[in-house]
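Down below is the structure, laid out as structure tokens.
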Amino acid sequence: MKFTVNQREMLYALNILSKAVSSRTTLEALKGVYIETLEDHLLMKSNDLSLSIQVEIPALVEEKGHVLIDFQLFNELIRKLPDDALTLNKNDDTLSLICGHASYRLLMMDASYFPQIPLVEGGKEIRMNQGMFSNLIKMTNFAISTDETRPILTGSLMEVEGDEMKMISIDGYSIAIKRVPIISGEDMHVVVPGKTLREVQRIIAYNVDDDILLNVTDNYISFSFDNVLIVSKILQGEYVNYKQVITDDFAINAQMDVREFFSAIDRAAIMANQSKNYLIVCQFEGDTLKITSSAQSGQAKEEVEIRKEGDDIRIGLNPNYLLKALRTIESEQVTMSLTTSQRPCRIRPSDDDTFTFYLVPIRINQ
């Protein structure tokens with residue numbers, strides 16, 4: 001096996017492949033990067049058994065073959081080499097690398113132990129804009145649970161109905177829902193690990209104008225875009241029936257400036273996070289929202305101008321969940337809707353009903 005490739009192209013591929021390289025494993029092959037030479041390009045793979053990534057980059061191939069190399073060593077070396085042509089040549093049990101005046105010899109790993117990427121075919125296909133899919137993840141991923149005792153909630157539910165995809169994330173205290181149009185696809189629902197979605201978003205962030213193709217089978221989901229293929233296991237089990245939990249029957253609606261609201265909550269959270277219950281109290285009174293928090297070290301009081309319809313109300317909330325949602329909202333105004341101090345409140349951009357966030361309140365003395 002012998003090929004020549006540009007250092008930047010190799011570095012680009014390694015950056016993507018790093019998302020599926022396992023560092024904590026007894027299986028040495030999972031710590032490697034698999035490189036195969038084809039007609040005029042390289043096929044590079046990484047696999048940690050739950051997430052697999054395949055990247056193709058152009059190369060001048062003189063002799064075909066394949067090799068498995070320790071990822072960490074190879075990646076660190078490529079990063080420090082100059083932006084020049086890299087020539088790699090496989091001889092017996094070593095791989096020689098030449099770049100300008102630098103030359104290295106690297107020991108290879110046993111490629112026969114590298115687990116091949118699962119073939120995802122014959123499933124339901126959905127085609128959509130990469131930017132739209134990235135936005136779905138951005139607006140909901142923050143609400144995914146980290147509680148491993150409920151593994152199904154460590155992923156997001158993806159639902160396709162008609163010409164729209166909806167993504168739902170639930171952590172037990174809050175629900176984030178975002179919907180966007182798709183180009184084409186079949187109705188389906190699947191729960192995808194949060195880690196997978198985060199890595200997909202990081203990779204497609206630079207190609208938001210192109211399309212992404214999803215293929216969903218009973219056990220796997222694949223994401224194909226540009227010269228990249230990502231394959232992930234899906235989470236098995238019954239997801240929470242979120243439609244039974246949420247409601248749109250609210251008697252109180254308060255509209256406010258997002259930046260002012262966020263800043264006030266952010267400052268009040270400093271004191272709230274010094275206490276044991278992580279609590280702020282929101283008093284909606286006339287055209288003012290009064291936000292208070294207290295701890296042994298002191299008290300905080302903030303006021304935000306609002307435009308309210310409905311009765312006055314006092315409700316306790318965890319500011320940290322609230323801040324996560326407000327960080328994602330790009331609109332200038334947000335509307336907070338409430339019924340009672342015991343029922344979940346709803347937050348959404350005032351000019352956009354495609355994103356909705358529900359937050360369970362904390363019981364307080366009225």
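The values are calculated or read from the model by the stated rules, or taken from the named source; none is laboratory data. All figures in this text were calculated on a predicted structure; none of them were measured in a lab. Note that each Cβ is placed from the backbone with ideal geometry, even for glycine, and that neighbours are counted across all protein chains shown. Calculation scope for accessible area: heavy atoms of the full protein, side chains included, ligands and nucleic acids excluded. Shrake-Rupley method; radii C 1.70, N 1.55, O 1.52, S 1.80 Å.
Between D92 and L73, what length in nm is gained on full extension when 0.36 nm per residue of separation is reduced by their alpha carbon distance? If you can, show how the numbers build up before the last one.
On the way: separation 19, 0.36 × 19 = 6.84 nm, distance 1.95 nm.
Full extension from D92 to L73 adds 4.9 nm.
Using only alpha carbon pairs under 8 Å that are at least six residues apart, calculate the relative contact order of region 150-224 and give it in whole percent.
On the way: 100 pairs, mean separation 19.4, N = 75.
Contact order relative to length: 26 percent.
With each label point set 7 Å from Cα along the Cα-Cβ vector, what nm distance links E125 and E39?
2.1
Tell me the per residue accessible area of region 80-147 using a 1.4 Å probe; a whole number in Å² is fine.
Details: 3700 Å² over 68 residues.
So region 80-147 comes to 54 Å² accessible per residue, rounded to a whole number.
What is the set of long-range amide H partners of E164 at a cut-off below 5 Å, with H atoms built 1.01 Å from backbone N?
Amide H to amide H, under 5 Å and 5 or more residues apart or across chains, E164 pairs with I182.
Within 13 Å, Cβ to Cβ, of E164, how many net charges do the neighbouring residues add up to if Lys/Arg are +1 and Asp/Glu are -1? Write out the running numbers ahead of the final one.
On the way: positive: K166, K178, R179; negative: E159, E161, D163, E186, D187, D353.
Neighbourhood net charge equals -3.
How much FRET efficiency would the formula 1/(1 + (r/R0)^6) give for N365 and D147, where r is the Cβ-Cβ distance and R0 is 22 Å, rounded to 0.05?
Values: r = 29 Å, r/R0 = 1.30.
Computed FRET efficiency for N365 and D147 comes out at 0.15.
What is the projected area of the convex hull of the Cα atoms of region 269-330, averaged over all directions, in nm²?
Numbers: hull surface 18.5 nm².
Projected over every direction and averaged, the Cα hull of region 269-330 covers 4.6 nm².
Quick one: Debye curve from the C-alpha atoms of the chain, no solvent, what's log10 I(q)/I(0) at q = 0.11 Å⁻¹?
-0.84
Count charges around L289 for me, please; just the other residues with Cβ under 15 Å from its Cβ, Lys/Arg as +1, Asp/Glu as -1. Don't skip to the end; give the middle numbers.
Details: positive: R259, R267, K290, K301, R307, K308, R314; negative: D257, E260, D266, E285, D287, E302, E303, E305, E309, D311, D312.
Cβ neighbours under 15 Å give a net charge of -4.
How high is the relative contact order of region 267-366, given as a whole-number percent (alpha carbon pairs under 8 Å, six or more residues apart)?
Details: 191 pairs, mean separation 21.7, N = 100.
About 22 percent, as a whole number.
For region 206-362, what class follows from the C-alpha gyration tensor (a ≥ b ≥ c being the square roots of its eigenvalues): rounded when a/c is under 1.5, otherwise prolate if a/b is larger than b/c, else oblate? It would help to have the intermediate numbers written out before the result.
On the way: a/c = 2.01, a/b = 1.95, b/c = 1.03.
Verdict is prolate for region 206-362.
Output wanted: per-residue J couplings in Hz (rounded whole) for region 235-252, from phi through Karplus 6.51 cos²θ - 1.76 cosθ + 1.60, θ = phi - 60°, x for Gly and Pro.
Calculated HN-Hα couplings, in order: 7, 8, x, 8, 7, 4, 7, 5, 5, 7, 8, 8, 8, 10, 9, 10, 9, 10 Hz.
Using θ = phi - 60° and the Karplus curve 6.51 cos²θ - 1.76 cosθ + 1.60, what whole-Hz ³J(HN,Hα) does each residue of region 217-228 get, with Gly and Pro shown as x?
10, 5, 10, 9, 10, 10, 10, 10, 7, 6, 10, 10
Provide the descending list of Cα extents for region 48-148 along its principal axes, expressed in whole angstroms.
49, 32, 31
Modelled label-to-label distance, N219 and E260, 7 Å Cα→beta-carbon offset: nm?
The two pseudo-label positions are separated by 5.6 nm.
Give me the net charge for the shell around T217: Cβ to Cβ below 12 angstrom, other residues only, Lys and Arg +1, Asp and Glu -1.
On the way: positive: K124, K233; negative: E121, E125, D218.
Within the 12 Å Cβ shell, the charges total -1.
How about region 32-129: which GluC sites (Glu not before Pro) there are in a DSSP loop, with at most 12 other Cβ atoms within 10 Å of their Cβ? Write out the running numbers ahead of the final one.
Details: sites: E36, E39, E56, E62, E63, E76, E121, E125; in loops: E39, E121.
The qualifying sites are E39, E121.
Percent relative contact order of the chain, based on C-alpha pairs within less than 8 angstrom and at least six residues apart?
On the way: 855 pairs, mean separation 46.8, N = 366.
So the answer I get is 13 percent.
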